[in-house]
Amino acid sequence: MAKSSIDIDGFRILRKLGSGARTTIYLAVDEENRETVALKRAVLESPEDTRIFEQMEAEYKIARLIDHPHIRKCHKIFRIRKLLRTQELLLSMEYFDGQSLEDQNRLSLGDILLVFRMVTIGLNAMHEKGVVHCDIKPNNILFSRDDGIKVIDLGQSCRIGEIKKRIQGTPDYIAPEQVRREHLSHRTDIFNLGATMYWALTGRNIPTLIPKKSEFGTSIMIEPGDVKSPHQLYPKIPVELSDMVMDCVKDKPSDRPSNMSEITGRLDVLIRAIFGTKLSLNASGKHPTLSNRS
């Protein structure tokens, strides 16, 4: 395994895992405790980079509140300062050997249900601590057939009831209240989750309040009534599942399911219908059905 050319004090860098949003993530070994970690690094290169620093600080603070097998843990944060100003930020995080849901070639309907059941359990743990994720999307769900899932990237997370100073979220999955800059709640995550499930089932994105760009570069808005449900697009998708997804992406938060536990329960009914009543459902880090499927 080739070593990266970069040197970071306190860590032995093994390789680069990826990059994006002005950050780079490395697979590294923490030389203090010999633990293998995912190390996120951001360097201040322009005034806009201070937002990345803010998100990394938020991710660390929120993650430290949560201790759940489906939410990625953050271990340490390091601030490298010059002239009393932070010039570089390092975030040491739990390493999870998996791919994002976005990178999965194909999952069965049963596996999709099991994956999202684990996601709802993880998000419910966040909500019980009074925080919301605010950016659930396929790229923020890591999947491993052996180890289940991890919800990652808590950089946009906030306290329930907060109003953001600016619009934050991913256009294809963003909830109406995020665009309108209204109070955010656990039902914000429910919309993000529903939009992600819609994509996982159909390969398409649900319309949001951020307009799409046409091939000519102009903005187009798709009316909610024009959106076909997953079952209408693919009749083999169970009506009950299709209805649940469409309930999650209602415009008004009060019209969506009441909480993540309700969604978990509805998923349980569908999972038992597919796998039978002998399936043992639990919230552990490893899911026996995912582990043993070919």
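Read-outs: derived from the displayed coordinates by stated rules, not from any lab. Worth saying up front: this structure is predicted, and the values here are computed from it rather than measured. In this analysis, Cβ positions are derived from the backbone assuming ideal geometry, glycine residues included, and neighbour counts consider all displayed protein chains.
Computed values, structure above
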item	result
Lysine-lysine proximity count for the stretch 11-94, Cα under 22 Å, sequence distance 8 or more or distinct chains	9
Net charge dipole size for the stretch 50-107 [Lys, Arg +1 and Asp, Glu -1 on Cβ; Debye, nearest 20]	400
Exposure proxy order (Cβ contacts within 10 Å, fewest to most) of THR188, THR170	THR170, THR188
Residue exposure sequence - VAL179, VAL151, VAL119, VAL239 - by fewest surrounding Cβ within 10 Å	VAL239, VAL179, VAL151, VAL119
Under 16 Å from the Cα of LYS150 - aspartates and glutamates, other chains or at least 8 residues apart	GLU59, ASP67, GLU94, ASP97, GLU102, ASP103, ASP111, ASP135, ASP189
Dipole of the stretch 11-94, positive end: most advanced residue of PHE11, MET93, THR50 [Cβ charges, Cα centre]	PHE11
HN-Hα J in Hz across the stretch 262-267 - Karplus 6.51, -1.76, 1.60, θ = phi - 60°, x for Gly and Pro	5, 5, 4, x, 5, 5
Spin-label pair ASP7/ILE274, simplified geometry with 7 Å Cα→Cβ offset, distance in nm	5.1
Net charge, GLY10 excluded, C-beta distance under 10 Å - Lys, Arg +1, Asp, Glu -1	-2
Size of electric dipole in the chain: Cβ of Lys, Arg +1 and of Asp, Glu -1, about Cα centre, debye, nearest 20	220
Residues HIS133, HIS127, HIS70 arranged by fewest to most Cβ contacts within 10 Å	HIS127, HIS70, HIS133
Value of [θ]222 nm, deg cm²/dmol, for the chain, DSSP H segments ≥ 4, -39500 (n - 2.57) each, nearest 500	-9500 deg cm²/dmol
The chain: most fluctuating residue of ASP255, ASP146, ASP226 per GNM, C-alpha cutoff 10 Å	ASP226
